[in-house]
1. From the list 568, 509, which one is part of a helix (DSSP H, G or I), at pLDDT below 90 and within 21 Å of residue 439 (Cα to Cα)?
2. Restricting the search to the stretch 572-581, which residues are open to solvent by 50 Å² or more (accessible area, probe 1.4 Å) and either in contact with a strand residue (DSSP E or B) (Cβ under 7 Å, 6 or more places away or on another chain) or without any contact (Cβ under 8 Å) to a residue 40 or more places away in the chain (or both)?
3. Could you list, ordered by first residue, the pairs with Cβ atoms under 8 Å in which the first is in the stretch 2-20 and on the phi > 0 side of the Ramachandran plot and the second is at pLDDT 85 or above, at least 6 apart or interchain?
4. For the stretch 71-86, give me each residue that is farther than 20 Å from residue 46 by Cα and of a type in the set (D, E, K, R).
5. With the stretch 266-379 as the region, which strands (runs of 3 or more DSSP E) entirely inside it contain at least 2 residues that are touching a Phe, Trp or Tyr at 6+ places or on another chain (Cβ under 9 Å) and within 16 Å of residue 254 (Cα to Cα)?
6. Quickly run through the stretch 533-565 and pick out the residues that are within 24 Å of residue 446 (Cβ to Cβ), within 39 Å of the chain's Cα centre (by Cα) and open to solvent by 30 Å² or more (accessible area, probe 1.4 Å).
7. Enumerate the pairs (first residue in the stretch 454-469 and of a type in the set (Lys, Arg); second residue anywhere and surrounded by fewer than 19 Cβ atoms within 10 Å (Cβ to Cβ)) with beta-carbon separation below 8 Å, excluding pairs fewer than 6 apart on the same chain, so at least 6 apart or on different chains.
8. Scan the stretch 470-484 for residues that are farther than 26 Å from residue 435 by Cβ, open to solvent by less than 70 Å² (accessible area, probe 1.4 Å) and without any contact (Cβ under 8 Å) to a residue 60 or more places away in the chain and report the count.
Amino acid sequence: MLNRDQFYHLLNLINIEVTPVLETGQLEAINITRETLSCEVVFCFENVLDIEIARLFINRTKDYFIKAYKVNEVNVRINYQNGKISNELLNTYFETIVKECAKDKPRYSALSNFNYKCDNQEIVIYVANEQEIALINELISGIKPIFNYFSLDIMMKVEVSPFETPIAQLIEKNQEQLTVELLRDQMSYENIASKDEVEDKPKKQKVIRAPRVKEGLNRPTTPLNKIPASEVELIEYKQRVGNNEFTIIGDIVESRVEERQSKNDPKSRFLIYSAILTDGNDSIMIKTFINQQFNENFYRNEAVAGKKAKVYGYVEYDKFVRDIVLAIDQMVIVGDAEEDEIVDDAPVKRVELHAHTKMSTQDSVMDVEEYVRQAVKFKHRALAVTDMYNIHVLPDFEKATKNLDILPIYGVEGALVDEEKFKIALNEADIDLRNATYVVYDLETTGLSSNYHEIIEIAAAKVYKGTIIDEFSYYVKPKKKITEFITSLTSITNDDVRNADPIEVVLPKFKEFINGCILVAHNATFDNSHLYENMKRLGIYDGIIPTIDTLQLAKVRYGHKLNKFNLKAVAKFFDVDLEQHHRAIYDAKATAMIFMNMLNDFIDDGIVNYQDIN
């Protein structure tokens with residue numbers, strides 16, 4: 001089973017927040033079938049998920065794996081520790097599935113005319129006679145696979161009950177009721193028409209009136225921090241409360257009216273109003289389509305930044321802004337926004353030494369003039385502006401502080417790079433590259449951690465004077481079984497390593513093979529970490545071995561020609577065949593061919609000693 005951190009990481013990738021309902025989840029397996037380009041993703045949860053959360057979770061997972069892994073089909077399977085579904089939740093699943101089916105095939109709506117019972121993982125539908133059993137069984141055959149889609153094993157059956165009314169009688173009764181309603185409407189229309197003829201009054205023109213203030217605006221207001229903040233939280237809230245209606249009040253800090261073009265009719269255009277509303281602690285976006293005949297003036301000129309508004313509407317997840325918004329149903333302006341007066345009454349004033357302006361991308365939206373005005377208002381004696389990685393705002397900063405009683409301090413925030421992590425040659429050594437012997441090696445492991453995961457294959461190619469003179473290739477039998485996910489990546493199965501020697505036997509042989517050589521690997525830091533850790537466990541570690549990292553070399557020397565630096569991309573750049581990628585022996589041979597090209601470039605540029613590489 002994969003760990004829970006990987007599950008949380010996947011939730012982040014598919015843009016779903018961890019909620020109390022989802023925090024019990026685990027990612028059990030990812031099985032990729034290369035022949036059919038299909039993928040199975042297996043999850044485990046403690047209890048059965050609500051249908052809307054399960055639908056969102058499954059759809060997002062499928063979309064991600066199709067795009068990320070370039071597969072044609074993704075099957076999402078959910079295992080539940082407590083597989084028993086409550087009767088109430090089963091009822092919700094059944095009602096929702098019936099409604100969804102009826103949208104595409106109206107005949108499924110017939111199921112809503114029958115009484116049914118949800119009990120102990122079973123749905124029993126009651127009918128009036130034997131003839132109706134065949135009808136319901138046909139509909140059940142279309143619904144059962146949808147329960148399977150949600151990983152639910154539900155029994156469904158049909159029983160005859162003497163208390164049920166035959167569906168034919170219900171249809172006849174409904175038709176009679178419809179006829180009565182139509183006749184009543186027709187008589188009402190005729191009475192109104194005859195009255196108009198008698199009075200002979202001209203028809204009044206249609207007058208556009210402001211909609212009356214709805215009851216929603218009179219409801220108690222909800223603090224913005226109590227409104228669901230994500231799509232999953234909103235689904236849970238709707239299932240718990242039964243609606244998504246809210247009345248809020250706050251200050252408008254930003255507003256806009258945008259004209260949009262209809263996708264279906266390029267000539268058709270419409271207006272959308274959007275604004276950011278804050279209550280001082282939290283903020284939310286509010287949106288609505290504008291009725292140009294009535295409220296365009298209101299939204300353009302009245303519902304603007306600097307006003308306080310009271311809004312009633314429906315909270316929903318907006319796919320365009322990828323966030324929770326409140327769709328406006330009714331809105332009134334209740335005054336001007338309140339400005340909180342902040343006073344710095346400290347006897348010794350502080351100095352801000354780390355102010356970021358809007359020139360610090362995704363870190364600030366403040367203009368430097370706003371900072372200066374506020375610092376002067378606080379009677380601070382100095383202000384330092386240190387934007388991230390740039391000094392673009394400093395001329396404006398100088399201008400804003402001119403003739404003011406405040407000292408501008410000009411700065412910048414940078415980042416220090418640990419050069420040790422980006423070395424091509426991983427240590428210091430005096431070795432002539434032209435006469436050296438190289439061992440280009442690759443490891444396959446059961447995971448990324450050298451502390452917790454094991455080596456399952458070691459392979460290497462020994463290179464001297466531009467020729468492969470020897471090879472080393474051994475499977476290693478791990479203490480734990482190889483997971484299906486690792487097998488899908490490396491093609492190494494448990495059968496492959498069943499009769500292999502353990503690491504205690506293979507690693508000493510490899511140490512002898514590399515004696516006196518320079519190691520070469522693609523992402524050598526990773527391979528060396530596993531190599532050294534296992535050597536230390538066996539007591540055969542003698543210190544750092546001279547190593548060249550072809551990954552860092554590709555980034556530094558060929559970065560202007562490459563967009564990616566993985567082994568496949570670098571092999572393609574040097575026109576090297578890469579067979580069965582992620583098998584150690586093939587990766588080692590391909591890396592050896594790549595390195596020989598790189599070594600020739602080194603020597604052509606006059607770099608002939610190992611200690612001169614960096």
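1. Answer to the check: 568.
2. Matches in the stretch 572-581: 572, 573, 575, 577, 579, 581.
3. The qualifying pairs are 15/60.
4. Within the stretch 71-86, just 73 meets the criteria.
5. Working: elements: 269-278, 283-289, 307-318, 323-336, 352-355.
Once the strands (runs of 3 or more DSSP E) in the stretch 266-379 are filtered for at least 2 residues that are touching a Phe, Trp or Tyr at 6+ places or on another chain (Cβ under 9 Å) and within 16 Å of residue 254 (Cα to Cα), what remains is 269-278, 283-289, 323-336.
6. 533
7. Within 8 Å, the pairs are 462/437; 462/468; 462/469; 462/470; 462/471; 462/513.
8. So the count comes out to 4.
The values are calculated or read from the model by the stated rules, or taken from the named source; none is laboratory data. Predicted model only: the values in this text are computed from it and were never measured. For neighbour counting, all protein chains shown are included, and Cβ atoms are generated from backbone atoms with ideal geometry for every residue, glycine included. The area values use the complete protein model at the heavy-atom level, side chains included, leaving out ligands, DNA and RNA. Shrake-Rupley method; radii C 1.70, N 1.55, O 1.52, S 1.80 Å.
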